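Trainee: Below is one structure. I have some questions about it.
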């Protein structure tokens, strides 16, 4: 398995290098991170743990085929999530974009769903994101996520329109219960939309939503078998102001997920997080609070409420390298109370 992964990665890197060498508009960026984590559990039956870790390599390729026709690809290879015992190799994004005009784009392929903002802005490159890990509500399925962060489909969008810098996104994509990237188990297609304004420079205010149908026999994002066909509606609202030009950083997002089945009726689940940081030259202390509240009768999610808090700081060694240190408290019905100390070094190279 490892030799196969190395072979695929070598071929991919070679192809990317060949393409970038012979296309003046092609750009390839590499991102990586490594660190150390120590976990202290108050459960006497659970041993404390500590380990050094290597996250992996994220490769981002962008290229202009023509002035209006572009391509973007993102590939990740490395260990994913707690307890992963093999190297993962995944295509995070691979889509073609055609700019019809300044305010109307058509994209086709694998993309991040336009729910909220975290994945669309930071991707898998942890160098960019302000904390070591994404908030619980918006993590990918590889990191025990609970929402559909990326999918394969068609997206229509336009950005920075008018004085309010209005942006819109409409995506038609495979359902969350699709058995693989390029297949689906129903003729229904999920619908995701987002509306955003920027009334003040770099202050984003937005709402987004998703309508999905997960057929019986599918597997949820958490890896849980879906016993009944579930009609799912996701509503989201948020406010973000994270920019190099301002010392204050803030991101607040709320998600309400409603699941409806023929036998159990409708259940609701509420997820949110709030992040606050303040820049002092190259040093940025920050706080984050997470809350996941599940309905006990929901058939799609594991009903395991979670509360988390982070006190952390990051320091920019250089414009392309950063160190992050965090203390994290988290508690749910499974681990009860856990304290986590983490260190991460992330870089673009």
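The values are calculated or read from the model by the stated rules, or taken from the named source; none is laboratory data. Everything quoted here is computed from the prediction, not taken from an experiment. In this analysis, Cβ positions are derived from the backbone assuming ideal geometry, glycine residues included, and neighbour counts consider all displayed protein chains.
Trainee: What about residue 166, is it touching a strand residue (DSSP E or B) at 6+ places or on another chain (Cβ under 6 Å), surrounded by fewer than 18 Cβ atoms within 10 Å (Cβ to Cβ) and over 24 Å from residue 218 (Cβ atoms)? Steps first, answer last, please.
Mentor: Values: touching a strand residue (DSSP E or B) at 6+ places or on another chain (Cβ under 6 Å): yes; surrounded by fewer than 18 Cβ atoms within 10 Å (Cβ to Cβ): yes; over 24 Å from residue 218 (Cβ atoms): yes.
Here the answer is yes, as residue 166 does meet what is asked.
Trainee: Is one or more of the residues making up the range 278-291 without any contact (Cβ under 8 Å) to a residue 24 or more places away in the chain, within 20 Å of the chain's Cα centre (by Cα), buried (at least 16 other Cβ atoms within 10 Å of the Cβ) and closer than 30 Å to residue 213 by Cβ?
Mentor: Among the residues of the range 278-291, at least one is without any contact (Cβ under 8 Å) to a residue 24 or more places away in the chain, within 20 Å of the chain's Cα centre (by Cα), buried (at least 16 other Cβ atoms within 10 Å of the Cβ) and closer than 30 Å to residue 213 by Cβ, which makes the answer yes.
Trainee: While we're looking at this one, here's another question. Of the conditions (1) in contact (Cβ under 8 Å) with a residue 24 or more places away in the chain; (2) touching a helix residue (DSSP H, G or I) at 6+ places or on another chain (Cβ under 9 Å), residue 129 satisfies every one except a single condition; which number is it?
Mentor: The single condition residue 129 does not satisfy is (1).
Trainee: Just one of the numbered conditions (1) farther than 18 Å from residue 91 by Cα; (2) in contact with a helix residue (DSSP H, G or I) (Cβ under 9 Å, 6 or more places away or on another chain) is not true of residue 140; which one?
Mentor: With (1) farther than 18 Å from residue 91 by Cα; (2) in contact with a helix residue (DSSP H, G or I) (Cβ under 9 Å, 6 or more places away or on another chain) applied to residue 140, the lone miss is (1).
Trainee: Next question. Out of (1) surrounded by 19 or more Cβ atoms within 10 Å (Cβ to Cβ); (2) modelled with pLDDT under 90, what's the single condition that is false for residue 336?
Mentor: (1)
Trainee: Looking at this structure, is residue 218 under 30 Å from residue 285 (Cα atoms) and out of contact with any helix residue (DSSP H, G or I) (no Cβ under 9 Å at 6 or more places or on another chain)?
Mentor: Judged against the criteria, residue 218 is not a match.
Trainee: Just to check your reading of the model, which residue among 257, 240, 221 is surrounded by 18 or more Cβ atoms within 10 Å (Cβ to Cβ), out of contact with any strand residue (DSSP E or B) (no Cβ under 8 Å at 6 or more places or on another chain) and touching a residue at least 60 places away in the same chain (Cβ under 8 Å)?
Mentor: 221
Trainee: Given 271, 248, which one is touching a helix residue (DSSP H, G or I) at 6+ places or on another chain (Cβ under 7 Å), within 24 Å of residue 130 (Cβ to Cβ) and touching a residue at least 12 places away in the same chain (Cβ under 8 Å)?
Mentor: Selected residue: 271, the only one of 271, 248 that is touching a helix residue (DSSP H, G or I) at 6+ places or on another chain (Cβ under 7 Å), within 24 Å of residue 130 (Cβ to Cβ) and touching a residue at least 12 places away in the same chain (Cβ under 8 Å).
Trainee: Take residue 99 and tell me if it is without any contact (Cβ under 8 Å) to a residue 24 or more places away in the chain and touching a strand residue (DSSP E or B) at 6+ places or on another chain (Cβ under 8 Å).
Mentor: Criteria not met by residue 99.
Trainee: What number goes with the only condition from (1) surrounded by fewer than 20 Cβ atoms within 10 Å (Cβ to Cβ); (2) closer than 28 Å to residue 238 by Cβ; (3) in contact with a strand residue (DSSP E or B) (Cβ under 8 Å, 6 or more places away or on another chain) that residue 136 does not pass?
Mentor: Every condition holds for residue 136 apart from (1).
Trainee: A further question on this structure: Kindly establish whether residue 40 is modelled with pLDDT of 50 or more, more than 20 Å from residue 129 (Cα to Cα) and assigned to a strand (DSSP E or B).
Mentor: yes
Trainee: On to the next question. Is there a residue being modelled with pLDDT under 90, part of a loop (DSSP other than H, G, I, E, B) and under 30 Å from residue 311 (Cα atoms) anywhere in the range 62-79?
Mentor: For the range 62-79, residues modelled with pLDDT under 90, part of a loop (DSSP other than H, G, I, E, B) and under 30 Å from residue 311 (Cα atoms): present.
Trainee: Out of 277, 331, which single residue is at pLDDT below 90 and either closer than 26 Å to residue 42 by Cα or not in a loop (DSSP other than H, G, I, E, B) (or both)? First the steps, then the outcome.
Mentor: On the way: 277 fails: at pLDDT below 90.
Exactly one of 277, 331 is at pLDDT below 90 and either closer than 26 Å to residue 42 by Cα or not in a loop (DSSP other than H, G, I, E, B) (or both), namely 331.
Trainee: Here's something else I'd like to know. Would you please name the residue that is farthest from residue 113 (Cα to Cα), looking only at residues in the range 202-227 that are more than 19 Å from the chain's Cα centre (by Cα) and not in a strand (DSSP E or B)?
Mentor: So, considering only residues that are more than 19 Å from the chain's Cα centre (by Cα) and not in a strand (DSSP E or B), the one farthest from residue 113 (Cα to Cα) is 227.
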